[in-house]
Amino acid sequence: MKIPIYQVDAFTDELFKGNSAAVCPLEKWLEDEVMQSIAAENNLSETAFYVKSGDGFDIRWFTPKVEIDLAGHPTLATAHVIFNHRKFNGDEITFFSKRGELKVKKVNNMIQLDFPAAESKKVSPPEELIRGLGTTPKEVFKSRDYLAVLESEEEVLAINPDFQSLKMLDSFGIIVTARGNRSDFVSRFFAPNAGIDEDPVTGSAHTMLIPFWANQLNQNKLHALQISKRGGKLFCEYHGDRVYIGGQAITYLVGEIEV
């Protein structure tokens, strides 16, 4: 069986920046084991698979190790593929995921994700988190991920994680964040348990970051930078139980795989 595959750099308008995702359009779902093997073979932070479903598309996301229930940059990449490569007529796409309905639309020269805002609670920093980051955060919050708030952008940049310690935490990932020097806030994201030591740009992490910084800064529109080596730009809005995450994308590769 031949399956189309696209590789897209998301949350950037430059090749070799942002976060790469693979996107595989399917006529029908493959076995879970096959999709997981394809994601492992691609060895990108996520591979997205989608199937046409009524007026929208069912979507699933796999890291090289596990399936996950929400992912931002591969959703943006998938929308980019549908809008630009799959002869889709319209400016809005509806995805059906394990986390519910996700709307994605074109806004000017960007693609905007409409995602559920993550609810979080303040917690005491676990010893593994302090050891893994090599510093004691100002504050720590917990949802799907840990959110560690640091003093400055420079401190976020200086983090050199101990991934063995971070693997001991009861979370999917670890977000570190601070006020930005050239943006409203900055972040980095680590998910060693999912096979992703550092993710270049993480849309799903911003479902937690946007409510936090909107409340901290008392503003609902936010410009965010994820300051990984590749880097990414996100244009965010807070709407109570929903967050809008906007960004650009660019196609790197078009091909096919055989399974």
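Summary table
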item	result
Check on residue 239, of a type outside the set (Lys, Arg), touching a Ser or Thr at 6+ places or on another chain (Cβ under 6 Å) and over 23 Å from residue 39 (Cβ atoms)	no
Options 205, 178, 194: the member that is under 30 Å from residue 85 (Cβ atoms), crowded, with 22+ Cβ neighbours inside 10 Å and of a type outside the set (S, T, N, Q)	205
Unique match (being among the charged types (D, E, K, R) and under 24 Å from residue 103 (Cα atoms)) among 41, 46	46
Scan of the stretch 151-171 for residues that are closer than 17 Å to residue 196 by Cβ and part of a helix (DSSP H, G or I), ordered by number	163, 164, 165, 166
Any chance residue 58 is more than 24 Å from residue 230 (Cα to Cα) and at pLDDT 95 or above	yes
Conditions (1) more than 13 Å from the chain's Cα centre (by Cα); (2) on the phi < 0 side of the Ramachandran plot; number of the one not met by residue 205	(1)
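Quick grid of which residues meet (1) of a type in the set (A, V, I, L, M, F, W, C); (2) closer than 27 Å to residue 127 by Cβ; (3) not assigned by TED's automatic domain parsing to the domain that holds residue 84:
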{"site": "155", "(1), (2), (3)": "no, yes, yes"}
{"site": "159", "(1), (2), (3)": "yes, yes, yes"}
{"site": "162", "(1), (2), (3)": "no, yes, yes"}
{"site": "171", "(1), (2), (3)": "no, yes, yes"}
{"site": "184", "(1), (2), (3)": "no, no, yes"}
{"site": "208", "(1), (2), (3)": "yes, yes, yes"}
{"site": "215", "(1), (2), (3)": "no, no, yes"}
{"site": "224", "(1), (2), (3)": "yes, no, yes"}
{"site": "233", "(1), (2), (3)": "no, no, yes"}
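The values are calculated or read from the model by the stated rules, or taken from the named source; none is laboratory data. Everything quoted here is computed from the prediction, not taken from an experiment. As a convention, Cβ positions derive from the backbone with ideal geometry for all residues, glycine included, and neighbour counts pool all protein chains shown.
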